[in-house]
Amino acid sequence: MPVDEAVEIYKGQVKSIFKSLTEKESDIQEKEQQQKENISGVQEESHNLQSHVTSQFAELRQILTEKEQRLLGDIREEEAKIVKTMEKNLQEIQENLNSIQEELSKLQEQIDHKDGMIFLKVRGLHYRLVK
């Protein structure tokens, strides 16, 4: 076989392989492009989902904060109401205590009084008042 003929046969084979590889390259480049688009799609979807989740949690935080403030306000209001009633009761207790202490003080004066007749007169008057 002459060299020229062998070269032509070999060139034909190389061209065939070249054409086949060019087609494969084109297919692979198409697959590469498709994969890149898929990756971009997933990233965009993920970003959108993250934004949605962030937005939903911000809304939930707002709702919870408002509920917290309402509940705290209710608790403070109830506390004020209860404390007011308790302070009124305390004032009545203190007034009663002061009255008893004044009475005890008067009785102690009578006990300590040197004149027995005055003691009996005051005691008798008090006895009648208490009954």
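The values are calculated or read from the model by the stated rules, or taken from the named source; none is laboratory data. As the structure is a prediction and not an experimental result, all values here were calculated from the model. We place every Cβ from the backbone using ideal geometry, glycine too, and count neighbours over all the protein chains shown. Side chains are part of the model used for accessible areas, which takes the heavy atoms of the whole protein and leaves out ligands, DNA and RNA. Shrake-Rupley method; radii C 1.70, N 1.55, O 1.52, S 1.80 Å.
Helices in the chain, meaning DSSP H runs of at least 4 residues, each add -39500 (n - 2.57). Divided by all residues, the mean residue ellipticity at 222 nm is -36000 deg cm²/dmol. Average accessible surface for the chain: 95 Å² per residue, computed with a 1.4 Å probe over protein heavy atoms with every protein chain in place. Across ILE63, ILE100, ILE75, mean-square fluctuation computed from a Gaussian network of the chain (C-alpha pairs under 10 Å connected) peaks at ILE100. Spin-label model, ILE17 to ARG61: label points 7 Å out along the Cα-to-beta-carbon direction sit 6.4 nm apart.
In the chain, the portion of solvent-accessible area held by carbon and sulfur atoms comes to 58 percent [1.4 Å probe, whole percent, DNA, RNA and ligands not counted]. Rounded to the nearest 20, the size of the Cβ-charge dipole of region 1-106 about its Cα centre is 40 debye, with Lys and Arg at +1 and Asp and Glu at -1. Among the listed values (1) 22, 17, 12; (2) 115, 14, 6; (3) 28, 17, 13, the one matching semi-axes √(5λ) of the Cα gyration tensor in Å as calculated from this structure is (2).
What is the distance, in nm, between label points placed 7 Å from the Cα along the Cα-to-Cβ direction at GLN43 and at GLU92? Spacing of the two 7 Å Cα→Cβ label points: 7.6 nm.
Gain in length, LEU71 to LYS31, computed as 0.36 nm per residue apart minus the alpha-carbon separation, to one decimal in nm?
8.5 nm is the gain from fully extending LEU71 to LYS31.
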